[in-house]
């Protein structure tokens with residue numbers, strides 16, 4: 001029949017699809033407090049202790065307003081053994097990536113030795129060696 005409407009309550013799957021939201025991006029680390037303090041300084045967000053249990057300290061680095069995703073750091077006994085499978089890409093504030101590289105290095109970041117040629121980003125590492133990229137940062141070291 002033309003002009004028929006679906007039965008009330010009959011909806012496509014797409015209309016009722018629900019999606020998961022990212023709450024945390026979690027880092028296993030040797031010193032959750034130190035890592036949280038570093039990343040809080042990088043982002044300007046607040047570092048909040050979530051668990052003070054010896055050997056299992058946890059911190060969240062929370063954006064203003066408590067929104068998500070948060071950066072979450074948990075102390076683990078085993079050391080980091082390989083390259084990150086996930087990393088953060090940062091955008092420097094303003095128009096001066098050189099100033100941001102200088103600031104990040106002052107906070108304890110290091111420039112990694114594995115810089116691909118001809119790209120616009122700079123690969124750095126946090127104090128525990130977790131790689132992250134700074135967009136536009138390659139110009140700061142060329």
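Where both bridge residues fall in the chain, DSSP classifies roughly 65% of the beta bridges as antiparallel. Per residue, the average separation of C-alpha pairs within less than 8 Å and at least 6 apart gives the chain a relative contact order of 20 percent.
Rounded to the nearest 10 degrees, the angle from helix 97-107 to the longest Cα principal axis of the chain is 70 degrees. In this simple spin-label approximation, residue 135 and residue 89 carry label points 7 Å from Cα along the Cα→Cβ vector, and these lie 0.7 nm apart. Taking a ≥ b ≥ c as the square roots of the eigenvalues of the Cα gyration tensor, region 9-142 is classed as oblate, since a/c reaches at least 1.5 and a/b does not exceed b/c. GNM on the chain, alpha-carbon springs under 10 angstrom: the most fluctuating residue among 103, 17, 80 is 17.
Could you tell me whether region 101-142 comes out rounded, prolate or oblate from its Cα gyration tensor? Rule is a ≥ b ≥ c as square roots of the eigenvalues, rounded for a/c under 1.5, then prolate if a/b exceeds b/c, otherwise oblate. Oblate.
Which of 19, 72, 59 moves the most in a Gaussian network model of the chain with Cα springs under 10 Å? For the chain, modelled as a Gaussian network with Cα springs under 10 Å, the answer is 19. For region 20-78, just say rounded, prolate or oblate: build the C-alpha gyration tensor, square-root its eigenvalues into a ≥ b ≥ c, call rounded for a/c under 1.5, and beyond that prolate if a/b exceeds b/c, oblate if not. It is prolate, given that a/c is not under 1.5 and a/b is the larger ratio.
Helical runs assigned H by DSSP (4 residues or longer) give the chain a calculated mean residue ellipticity at 222 nm of -6000 deg cm²/dmol, each run adding -39500 (n - 2.57) before division by the residue total.
Per-residue extension of 0.36 nm, minus the Cα-Cα distance of residue 82 and residue 49, leaves a gain of 9.2 nm for this segment.
For region 80-142, averaging the sequence separation of C-alpha pairs within contact (under 8 Å, six or more residues apart) and dividing by the residue count gives a relative contact order of 40 percent.
Going by neighbour counts of Cβ atoms within 10 Å, the residues 56, 16 line up, fewest first, as 16, 56. Estimated at 0.36 nm per residue, the fully extended path between residue 30 and residue 99 surpasses their Cα-Cα distance by 21.9 nm. For residue 107 and residue 20, the difference between the fully extended length at 0.36 nm per residue and the C-alpha to C-alpha distance is 28.0 nm.
For the chain, the longest principal axis of the alpha carbon atoms and the long axis of helix 32-43 meet at an angle near 80°.
Read-outs: derived from the displayed coordinates by stated rules, not from any lab. These numbers come from a predicted model, not from an experiment. No Cβ is skipped: glycine too gets one built from the backbone with ideal geometry, and neighbour counts run over all protein chains shown.
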